[in-house]
Amino acid sequence: MEPLGGPMEPLGPGSGGLAVQEVMDEPAPATGVKTVSKSPTRIALTRIRQDRVAMICLSVVIFFILIAIFAPLLAKLEGQDYRVYHFDLTDSYGWPTIPPNAQHWFGVEPRIGRDLFARWVYGARPSLVVAVSATLISTTIGVVVGLITGFVGGWVDRVLSWVVDFILSLPFLLFAIAIPAVVLSATFKGGPEGANPSQVAEVRFFSLIFVLSFFSWAGLARLIRGQVLSLREREFIEAATAQARALVQTTPAHVDAANRSVVTISELYLQ
């Protein structure tokens with residue numbers, strides 16, 4: 001029977017004994033497989049790339065951003081100014097007398113004859129401001145409320161969940177139409193007729209941001225709440241709690257990283 005570790009060899013002349021020489025196996029050659037760790041942000045971006053609806057939304061947002069940036073160049077290319085009135089291009093009833101042509105690519109506005117293409121490219125700027133502002137406000141409120149309801153639980157969860165359900169039950173279109181009119185009537189004497197066009201546009205601008213923010217955060221809060229409820233029972237949350245980590249430390253370190261992809265995709269849908 002051969003001894004473990006290899007054959008027994010003499011140490012040399014005059015040693016008077018034998019020693020066991022262990023034959024060490026050479027390490028196996030590397031297989032070439034490289035392990036790459038992914039951060040939560042990279043995972044979120046990967047999920048977004050795999051979501052067709054999210055990619056379509058992102059493409060539309062990028063398209064309008066480019067339109068807004070190059071609005072002066074596009075209007076100059078057409079040769080029109082959105083502030084110029086063309087009353088000669090409308091009839092006595094206010095209807096345009098010309099179709100879209102080489103001078104007015106989208107035609108002219110009824111009654112006052114402003115160029116529609118120039119108004120469209122310049123109109124992308126306030127539209128993006130409204131979209132970005134409403135998205136930031138609703139995302140902040142939705143993430144905070146969702147984390148609180150899912151992590152704290154108890155009567156806080158019940159009360160905030162009732163508020164979310166109440167907001168989701170309200171008719172969005174009715175409020176979007178009614179709130180600007182109510183604000184104009186309460187701010188100016190005689191309602192919209194008592195204000196100049198710039199004041200009416202400003203009231204409608206901020207009213208739209210308020211309505212979109214008010215109705216958008218509830219759905220995101222419900223998504224975050226469900227995500228937190230599924231994560232609070234996981235092993236790493238229990239381990240963090242067992243190590244006596246504070247609630248404020250546990251939530252951003254674990255739950256926020258897991259919710260990042262949900263928030264990112266929801267922002268694209270909102271825009």
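The values are calculated or read from the model by the stated rules, or taken from the named source; none is laboratory data. Just so it is clear, the model here is predicted, and its values are computed rather than measured. Here the Cβ is made from the backbone with ideal geometry for all residues, glycine too, and neighbour counts use every protein chain on show.
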Taking interchain pairs and intrachain pairs at least six residues apart, which have beta carbon atoms under 7 angstrom, with the first residue in the stretch 63-85 and surrounded by 14 or more Cβ atoms within 10 Å (Cβ to Cβ) and the second charged (D, E, K, R)? Ala68/Arg125; Ala71/Arg125; Ala75/Asp81; Gln80/Asp115; Tyr82/Arg114; Tyr82/Asp115; Tyr82/Arg119; Tyr85/Arg114
Hits in the stretch 94-131 (condition: touching a Pro at 6+ places or on another chain (Cβ under 9 Å) and of a type in the set (Ser, Thr, Tyr)): Tyr122
What number goes with the only condition from (1) exposed (fewer than 13 other Cβ atoms within 10 Å of the Cβ); (2) closer than 30 Å to Ile224 by Cβ that Thr140 does not pass? (1)
Inside the stretch 104-119, the number of residues satisfying the requirement of being touching a helix residue (DSSP H, G or I) at 6+ places or on another chain (Cβ under 8 Å) and surrounded by fewer than 18 Cβ atoms within 10 Å (Cβ to Cβ) is 4
Scanning the stretch 143-174 for residues that are among the β-branched types (Val, Ile, Thr) and closer than 17 Å to Phe214 by Cβ gives Val143, Val144, Val145, Val163, Val164, Ile167
Please work out if Leu170 is without any contact (Cβ under 8 Å) to a residue 60 or more places away in the chain, exposed (fewer than 13 other Cβ atoms within 10 Å of the Cβ) and of a type outside the set (Phe, Trp, Tyr). yes
Can you say whether Asp88 is farther than 30 Å from Gln227 by Cβ, in contact (Cβ under 8 Å) with a residue 24 or more places away in the chain and surrounded by 13 or more Cβ atoms within 10 Å (Cβ to Cβ), as far as the supplied structure shows? no
By residue number, the members of the stretch 145-163 that are without any contact (Cβ under 8 Å) to a residue 60 or more places away in the chain and of a type in the set (Val, Ile, Thr) are Ile148, Val152, Val156, Val159, Val163
Of the residues that make up the stretch 87-96, is at least one on the phi < 0 side of the Ramachandran plot, under 41 Å from the mean Cα position of the chain (by Cα) and acidic (Asp, Glu)? no
Residues that are more than 22 Å from Val132 (Cα to Cα) and either part of a helix (DSSP H, G or I) or of a type in the set (Ser, Thr, Tyr) (or both): does the stretch 203-224 have at least one? no
Filter the helices (runs of 4 or more DSSP H) completely within the stretch 56-169 down to those with at least 1 residues that are small (Gly, Ala, Ser) and modelled with pLDDT under 90. 116-152, 154-168
